[in-house]
1. Given [x] 0.94; [y] 0.99; [z] 1.42, which label gives Rg/Rh (Cα atoms, Kirkwood Rh) as computed from the coordinates?
2. How charged is the neighbourhood of ASP146? Take every other residue with its Cβ under 15 Å from the Cβ of ASP146, and add Lys/Arg as +1 and Asp/Glu as -1.
3. How large is the dipole of the chain about the Cα centre if only Lys and Arg carry +1 and Asp and Glu carry -1, each at its Cβ, rounded to the nearest 20 debye?
4. Projected onto the charge dipole of the chain (+1 at Lys/Arg Cβ, -1 at Asp/Glu Cβ, origin at the Cα centre), which of TYR149, LEU279, SER184 gives the Cα projection farthest towards the positive end?
5. Charges only on Cβ, +1 for Lys and Arg, -1 for Asp and Glu: so what's the dipole of the stretch 1-149 about the Cα centre, in debye to the nearest 20?
6. How much area per residue is accessible in the chain when the probe is 1.4 Å and only protein heavy atoms are counted (Å²)?
7. Would you work out which of ALA64, ALA206, ASN231 lies farthest towards the positive end of the dipole of the chain, given +1 charges on the beta-carbon of Lys and Arg and -1 on that of Asp and Glu, about the Cα centre?
8. How tilted is helix 19-33 with respect to the longest principal axis of the chain? Cα atoms for both, answer in degrees (0 to 90, nearest 10).
Amino acid sequence: MSFSSSAKDEIAAQRTSSAAQRLSMLAGLTNTAGSITIGRSGTGVRYITETYSVGKLVSRLACAIYDVDAAIAVREKEGMGTRSVSIVLSGAECETLLKDTGLLVASGEGMMLGSGIRPNLISSETKKRAFLSGAFLGSGSITNPDKSYHLEIVCRNEELAKKICEMMNGFGFNAKSFQRKSTSVVYVKEGDSISGFLALMGASNAALEFEEARIYKSIKNNTNRMVNYENANLDKTARAAAAQTQCIELIRDEMGLTKLPDALREVAEVRLNNREATLNELAQLTGISKSSVNYRLGKLKEIADDIRINTATCK
């Protein structure tokens, strides 16, 4: 089961505490996953989702508030490992449901599709939370946090997307929207906001799992950075040691190490005998400080540079 489906199962399993919250949640579901059907038996409503628990929630909410019948059908998508859950509502009060949830609005010529959210559905924080929960259950998704941080809710029109953004940002979730073909998409990419949104909807287990994945990823990234840093230091140390060895070999071949002052000769010989040693290791072998070793190696480089210049001038 995907992380998104697991989170939806947790949200759908909750019981709303009031009739007003149930209507707001049903409105969120209807505005994102619902569509109007017209047949011989009159006006009906169809919801499409990939999560069976969401289908059961739609049926439970609708039948608790209105005089409607609900039929749920599940169809497995061959070869894709997914399924489509269809919930069809029929009955005398389907049109009332559509009006109450804002999908149908009265106009001068009768009824038309609504493009926004009725104010009474989001008139309090608890109603806004219920509406957002319904909208996420209807057309939302969250990427597995092991891979990336991305939450989105697909909306049928720009006005609905703007209103959902406004509500989410009212809770501090830095939501934005963009146009994807004929739909508007609300999205959040910040880990803190996604975790907070899950907690707001009551998906505490999903929020905890999301945070655990974030912590693991952070530790893994920090470990990788440390390993890369150490590898870079090792490469730098190896290059420096090779350059120092070349300088000392040039001095040895051109003038002999015995002509060097005792302090420089000692470091030169230790470096030649320990070609991969670090400065710390050279300091331990010579019994002097790391800075003194580094200073003497610098002096040896100056002598080697002078030899190169003199050799080039003679030629």
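The values are calculated or read from the model by the stated rules, or taken from the named source; none is laboratory data. For clarity, every value in this text was computed on a predicted model and none was experimentally measured. Every residue, glycine as well, gets a Cβ built from its backbone with ideal geometry; the counts of neighbours run over all protein chains shown. These accessible areas exclude ligands, DNA and RNA; they are computed on the full protein's heavy atoms, side chains included. Shrake-Rupley method; radii C 1.70, N 1.55, O 1.52, S 1.80 Å.
1. Checked against the structure: label [z].
2. Numbers: positive: LYS147, ARG214, LYS217, LYS220; negative: GLU209, GLU211, GLU212.
Summing Lys and Arg as +1 and Asp and Glu as -1 gives +1.
3. Values: 40 positive and 35 negative charges, 63 e Å.
Dipole of the chain, to the nearest 20 debye: 300 debye.
4. The residue sitting farthest along the positive end of the dipole is SER184.
5. Numbers: 16 positive and 13 negative charges, 39 e Å.
Approximately 180 debye in magnitude.
6. On the way: 17280 Å² over 315 residues.
It amounts to 55 Å² per residue over the chain.
7. ALA64
8. 70
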